[in-house]
Amino acid sequence: MKYKPRRYILYYLLEVLAFLCFILPLKLMRAISVGAGRLSYLILRDHRRRVIENLKLAFGDEKSEEEIKSIAMKVFENLAQTLVEFLSFSKIDKKVMDNLVKAEGLEKLDEVLKKGKGGIILAGHFGNWELLGAYLIMNGYPGRAVVKRIKFEGYNRLLMRLRENVGVKAIYRNGSIRDLLGTLRRNEFVGILPDQDVDSIDGVFVDFFGRSAYTPVAPVNIALSTGCAIIPCFMIRENGRHRLVIEDPIDLEVTGDKRHDAEVNTAKWSKVVESYIRRYPEQWVWVHRRWKTRPKQERLQDGPMTETVAIEN
């Protein structure tokens, strides 16, 4: 079989959960999801270990063992709530959305649109990132989101169906660049989540929590070539609701040296993302191996990254 049976089982479980999210109140489903997140923390040992290891790498002696474990459990709680909210997109309309989310800084997006070159909404895997795009679309900010195509077609159809329910149109990450550039030419926004280590795409090493992290350069390269703005945005979970914070556009440094400009400007937006993760560490996806790709000849001491393949840029 092309896919393991457990993938089919998980897919049908997600479909069942999506149905429950449709018929049951969102508040109830989120309350259930908190317990499910805590249970996942206890039973998913490998994922729990990775989250704790990554938190220790990031914060070192800044946080105690107890603080690290507390944050780790909340990471699982946030991911479970995010999943339930995403699966509830089939019943979320603008009225529900406006009650769920309070936005700060929408005028910054208006200013970007006045320039006529579109903009990149730079959002990390932070808080509820799917809700961010849905909110903007429902409130009249046109655009598309760059997403990864899931090889398991059942999962992919489910994800795309949920996004389309709230008006979010997608551009596949490995698709045609013309769709992305066309979106910007129409003076619309392109949503990108470039805060993960993807060694199959072009990137540079920048500082992230005091360690070199391989980071995609696509947002900066696109901005430099089109003149569009890069606007960091964060959907923060707070007391049962969400607060969307829209930061000032990144002040891009342009010297004409493409590699230098890519590194400097990628480091700029990465620092903004890091600042929010530091303030709300429980709302980022620490289960991801953010430092797995290493510069050539770099050797790390004992830790999960010693198993990764070094590359050279």
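Out of region 239-257, which residues are out of contact with any strand residue (DSSP E or B) (no Cβ under 9 Å at 6 or more places or on another chain), touching a residue at least 24 places away in the same chain (Cβ under 8 Å) and not β-branched (Val, Ile, Thr)? Quick ask: steps written out before the conclusion?
Kept after step one, since they are out of contact with any strand residue (DSSP E or B) (no Cβ under 9 Å at 6 or more places or on another chain), are these residues of region 239-257: 239-240, 251, 253-257.
Now drop any that are not touching a residue at least 24 places away in the same chain (Cβ under 8 Å), which leaves 240, 254.
Within region 239-257, just GLY240 meets the criteria.
Looking at VAL204 and the list (1) touching a His at 6+ places or on another chain (Cβ under 8 Å); (2) farther than 20 Å from SER88 by Cβ, which single condition is not satisfied?
Condition (1) is where VAL204 drops out.
If a residue has to be under 18 Å from PRO249 (Cβ atoms) and out of contact with any Phe, Trp or Tyr (no Cβ under 8 Å at 6 or more places or on another chain) to count, how many in region 195-205 make the cut?
Number satisfying all stated conditions: 0.
Residue-by-condition table, conditions (1) surrounded by fewer than 21 Cβ atoms within 10 Å (Cβ to Cβ); (2) within 30 Å of ARG294 (Cα to Cα):
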| site | (1), (2) |
| --- | --- |
| ALA123 | no, yes |
| GLY140 | yes, no |
| VAL147 | no, yes |
| GLY167 | yes, no |
| GLY175 | yes, yes |
| LEU180 | no, yes |
| ASP199 | yes, yes |
| PHE208 | no, yes |
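Would you mention how many residues in region 258-278 are under 16 Å from the mean Cα position of the chain (by Cα) and basic (Lys, Arg)?
Selection size over region 258-278: 2.
Mind checking which residues of region 125-134 are in contact with a Phe, Trp or Tyr (Cβ under 7 Å, 6 or more places away or on another chain) and either farther than 13 Å from ASP195 by Cβ or in a loop (DSSP other than H, G, I, E, B) (or both)?
HIS125, GLY127, GLU130, ALA134
Is region 184-205 home to any residue that is closer than 30 Å to LEU100 by Cβ and of a type in the set (Ser, Thr, Tyr)?
no
Considering only residues that are surrounded by fewer than 21 Cβ atoms within 10 Å (Cβ to Cβ) and in a helix (DSSP H, G or I), which ones fall in region 88-106?
SER90, LYS91, LYS94, LYS95, VAL96, MET97, ASP98, ASN99, LEU100, LEU106
Pick out, from region 167-227, the strands (runs of 3 or more DSSP E) lying fully within it that include 2 or more residues that are touching an Asp or Glu at 6+ places or on another chain (Cβ under 8 Å) and at pLDDT 95 or above.
Once the strands (runs of 3 or more DSSP E) in region 167-227 are filtered for at least 2 residues that are touching an Asp or Glu at 6+ places or on another chain (Cβ under 8 Å) and at pLDDT 95 or above, what remains is 203-208, 211-216.
Going through region 34-73 one residue at a time, which ones are surrounded by 20 or more Cβ atoms within 10 Å (Cβ to Cβ) and touching a Pro at 6+ places or on another chain (Cβ under 9 Å)?
Those that are surrounded by 20 or more Cβ atoms within 10 Å (Cβ to Cβ) and touching a Pro at 6+ places or on another chain (Cβ under 9 Å): ASN54, LEU55, ALA58, ILE71.
The values are calculated or read from the model by the stated rules, or taken from the named source; none is laboratory data. Since this is a predicted model, take the numbers as computed values, not measurements. We place every Cβ from the backbone using ideal geometry, glycine too, and count neighbours over all the protein chains shown.
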